[in-house]
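Structure, as structure tokens:
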Amino acid sequence: MSAFSKYRHAFLVGLQSNLVYRWNFAIRAAFSLFHLVVIFVLWGAAFQGKTQIGSFDLGQTMTYFIMILMLQFFIGAFSEDYQISEEIRNGLINQFLLKPINYFLYRISIFCAARLVSGLLALIPLALILPLLSHHLTLPWDPWRLALGLPAMAMSALIQFTIAYCFGLLTFWFLEIQSFIILSFAIETLLGGQVFPLDLMPSWLFEISKYLPYYYQMYFPVSIFTGRLNDPMQALAGLGIQAFWVVVLLGCANLLWKRGLRRHTAVGG
């Protein structure tokens, strides 16, 4: 209970600090609607003269991208890697080394607080334009989708945070990690299904992507919620692979932390 209280306070502090920048999150969410307009224009043009692309109609495709946009604010790791890098480079991490605080749990508490604020604020502009989008939304309402989609969403958030955490820890070895982050972001955007639905790729490439962690960062929970994945047994199998990647990434994070501390020199008070 004392450990829970410790990280609960970290979450509350993170919540308060992120509320200070609530207008930044709100403006970012509002401008993301322009991105949504571009998606509507591009895919509307792609569907000209067609009723389906890859066995999905225009409404299902638009629902997919709207869900992608929303989940980015609830589970996306925006700047955690840079924040961790700054704490290591500036010596701010020293305050955690001699205290009974797990740095990973501390950072994920801050991450959860930030995603709660950004996600709730993103709902405001979406609610305003929902009347205009309602005829494009085709969400299935099978009970199993919620039962499997929420754990998939939680593990997706954990995967995204842990990858960002690992990149932040590279600061123990490299003075500048921006190039690694940019490369990772490009790969995640493409293989996570944020540019186009992954099921539009060649079937052999799509099957390979199912065994990569990027598939489970965004596409997997979205495919459950939007109906692109219709077999609950396949969803359960996907949850198993997703859980495997969670364990692997947590192991990598722990290894990088221990190896990094061997190289770290704490100077000053």
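The values are calculated or read from the model by the stated rules, or taken from the named source; none is laboratory data. It should be emphasised that the depicted structure is a prediction, and the values quoted were computed from it without experimental measurement. Cβ coordinates were reconstructed from backbone atoms using ideal geometry, including for glycine residues, and neighbour counts include every protein chain displayed.
For segment 160-191, the tally of residues that are out of contact with any Leu (no Cβ under 6 Å at 6 or more places or on another chain), in contact (Cβ under 8 Å) with a residue 40 or more places away in the chain and aliphatic (A, V, I, L, M) stands at 5. Residues in segment 27-41 that are surrounded by 12 or more Cβ atoms within 10 Å (Cβ to Cβ), of a type in the set (A, V, I, L, M) and at pLDDT 75 or above: Leu36, Ile39. Screening segment 79-99 for residues that are without any contact (Cβ under 8 Å) to a residue 40 or more places away in the chain and outside any helix (DSSP H, G or I) and picking the one that is farthest from Thr265 (Cα to Cα) gives Ser79. Selection of segment 87-134 for residues being closer than 20 Å to Leu158 by Cβ and more than 24 Å from the chain's Cα centre (by Cα) yields only Ile101. Can you name the residue in segment 202-234 that is within 19 Å of Ala154 (Cβ to Cβ) and among the β-branched types (Val, Ile, Thr) and is also nearest to the chain's Cα centre (by Cα) among such residues? So, considering only residues that are within 19 Å of Ala154 (Cβ to Cβ) and among the β-branched types (Val, Ile, Thr), the one nearest to the chain's Cα centre (by Cα) is Val222. Flag not set for Ile75, criterion: more than 22 Å from Phe31 (Cα to Cα), aliphatic (A, V, I, L, M) and touching a residue at least 24 places away in the same chain (Cβ under 8 Å). Within the bounds of segment 162-178, is there any residue that is surrounded by fewer than 16 Cβ atoms within 10 Å (Cβ to Cβ), under 27 Å from Arg145 (Cβ atoms) and either of a type in the set (A, V, I, L, M) or at pLDDT 95 or above (or both)? So far as segment 162-178 goes, no, none of its residues is surrounded by fewer than 16 Cβ atoms within 10 Å (Cβ to Cβ), under 27 Å from Arg145 (Cβ atoms) and either of a type in the set (A, V, I, L, M) or at pLDDT 95 or above (or both). Annotation: Phe78 fulfils all but one of (1) touching a Pro at 6+ places or on another chain (Cβ under 9 Å); (2) surrounded by 15 or more Cβ atoms within 10 Å (Cβ to Cβ); the unmet one is (1).
Within the set Pro140, Pro151, the sole residue that is surrounded by fewer than 19 Cβ atoms within 10 Å (Cβ to Cβ) and either on the phi > 0 side of the Ramachandran plot or over 14 Å from the mean Cα position of the chain (by Cα) (or both) turns out to be Pro140. Candidates Phe73, Phe65, Phe111: the one that is in contact with an Asp or Glu (Cβ under 6 Å, 6 or more places away or on another chain), farther than 19 Å from Leu256 by Cα and either buried (at least 19 other Cβ atoms within 10 Å of the Cβ) or aliphatic (A, V, I, L, M) (or both) is Phe111.
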